[in-house]
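Please treat every number below as a calculation from the coordinates, not as lab data. Just so we're clear, the structure is a prediction, and the values are computed from it rather than from any experiment. Every residue, glycine as well, gets a Cβ built from its backbone with ideal geometry; the counts of neighbours run over all protein chains shown.
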Amino acid sequence: MDPMLTFLVILIGMYGLSTSKNIIKSVFSVTIIESGVILLFLNLGNWQGGSIPIINGAADLIADPLPQALMITTIVIGSTVTALALMLCIKVFHHYGTVEWREILRRGEGK
Amino acid sequence: MIKHVILIAMLLAIYAVFTVSLQDLEQIYQTSADYFREFGVDQTGSNNLVTAILLDYRLFDSLFEAGILLIAVSGIIWISKHDIEEKNARFMLDKFKTPDLFVTFSRLVYPLMLAFGFYIIINGHVSPGGGFQGGAIVATAILILYYIDADKETNIGMIVTVEKFLYLTILIIASLSIFTRGTFFTNVFPYETSSTSTQVIYLVTLNILIGFKVALGLWAIFTAFLKEGR
């Protein structure tokens, strides 16, 4: 079933978030989780099948437009949050000279 | 190694729980789009039901979405502020390293992309699209300008100021319905007296404003990154 497969994408993102040693890879893992959530919601709205939610003629069955409208919010917010995280990442690189988690933590304890 | 095994086992456990909880999806997700299909066009004047939800039923959500975009842009610009005041950002790419073919095709594609973005914004209520999507396309078209003209200078503060004023305008237009309908954040024109074609005016206005706001926001984000990477 399709929603199960989309949940696998979320799990892949969680795995990357838990194991990545690089800040940029962590940001990308968050993006992967977000993509999985978007796919999951779009699947939930359209799991019965049906046409696009635009009324031009007589459509028997249309996809639920509510999850689609909510996912626009998710996409916009996700992109801006990713941009904010990457900008913080640039600042961290300027300050520490590296974007490795362990190195940054080690230097933070040393001070 | 053992940590990875434990992690994968935990993730698989989460997956199993999810699979079990979605066994009877038909009982969980019963609300098909019947309500929107029957009343959506009549109540909002929008053929595109997603736009109907974004700009009428759940306008409150969309307003805060635009607000979060504004806050994130402000945050990015505040973080990327340097000690030395730099008002202008110039493109970091060396003009001679950008391939000529790319520049030529950018010149060819740029007006088409701009026109397509405006088409998406204006036709948001009849075809797939709307303010947010069209704004992203317009922003991409503007960003191509940086490839065409490497010496282009941009004032980020100006962009963000215009974006703030656009957001205030959107808030005011969205609140105007308190005078005509008695509730906040819905269509300005009263439901009983106005026809569908009248309600479309409000949808197109709000779509255009949101589209320009999103385009300016994404443009400001990109310019901040260029300034940082220089």
Problem - Shielding by partners - mean other protein chain Cβ count within 10 Å, residues of A:67-79 - result: 6
Exercise for the section: Between the alpha-carbon centers of region B:1-78 and region A:9-40, tell me the distance in whole angstrom. Expected result: 18 Å
Completion exercise
Here FRET efficiency (C-beta to C-beta, residue B:196 to residue A:107, R₀ 51 Å, nearest 0.05) is 0.20
Exercise for the section: Name the shape class, rounded, prolate or oblate, that the alpha-carbon gyration tensor gives for chain B, where a ≥ b ≥ c are the square roots of its eigenvalues, rounded holds for a/c under 1.5, and otherwise prolate holds if a/b is larger than b/c and oblate otherwise. Expected result: oblate
Fill in the blank from the handout: So residue B:81 and residue B:103, fully extended at 0.36 nm per residue minus their Cα-Cα distance, gain in nm 4.9 nm
Completion exercise
Checking B:65, B:153, B:192 against a Gaussian network model of chain B (alpha-carbon springs below 10 Å), the top fluctuating residue turns out to be B:192
Exercise for the section: Place a +1 charge on the Cβ of each Lys and Arg in region B:31-229 and a -1 charge on the Cβ of each Asp and Glu, then give the dipole magnitude about the Cα centre in debye, rounded to the nearest 20. Expected result: 240 debye
Problem - Gyration tensor verdict on region B:153-230 (Cα atoms; rounded if a/c is under 1.5, prolate if a/b is larger than b/c, oblate otherwise) - result: prolate
Problem - Other protein chain Cβ atoms within 10 Å, averaged over every residue that makes up B:6-19 - result: 3
Exercise for the section: Using a/c under 1.5 as the rounded threshold, could you call the protein assembly as shown rounded, prolate or oblate? The axes a ≥ b ≥ c are square roots of the C-alpha gyration tensor eigenvalues, and prolate needs a/b larger than b/c, oblate otherwise. Expected result: oblate
Fill in the blank from the handout: Note: A:86-95 gets an average of partner chain Cβ contacts (10 Å, Cβ to Cβ) equal to 3
Problem - Residue pairs, from the table A:91/B:152; A:91/B:213; B:152/B:213; A:21/A:91; B:152/B:227; A:91/B:164, whose Cα atoms sit over 23 Å apart - result: A:91/B:152; A:91/B:213; A:91/B:164
Fill in the blank from the handout: chain A: relative contact order from alpha carbon pairs under 8 Å, six or more residues apart, as a whole percent, is 26 percent
Exercise for the section: May I ask for the equivalent-ellipsoid semi-axes of region B:4-64, computed as the square root of five times each C-alpha gyration tensor eigenvalue and listed largest first in whole Å? Expected result: 38, 17, 7
Handout entry: Mean separation of Cα contacts under 8 Å (6+ apart) over length of chain B, as relative contact order %
Key = 28 percent
Fill in the blank from the handout: Taking every other residue with Cβ under 14 Å from the Cβ of residue A:42 and scoring Lys and Arg +1, Asp and Glu -1, one gets -3
Practice task
Determine, for each peptide in A:91-101, A:65-75, the mean count of other beta carbons within 10 angstrom over its residues, then list the peptides with the highest first.
Solution key: A:65-75, A:91-101
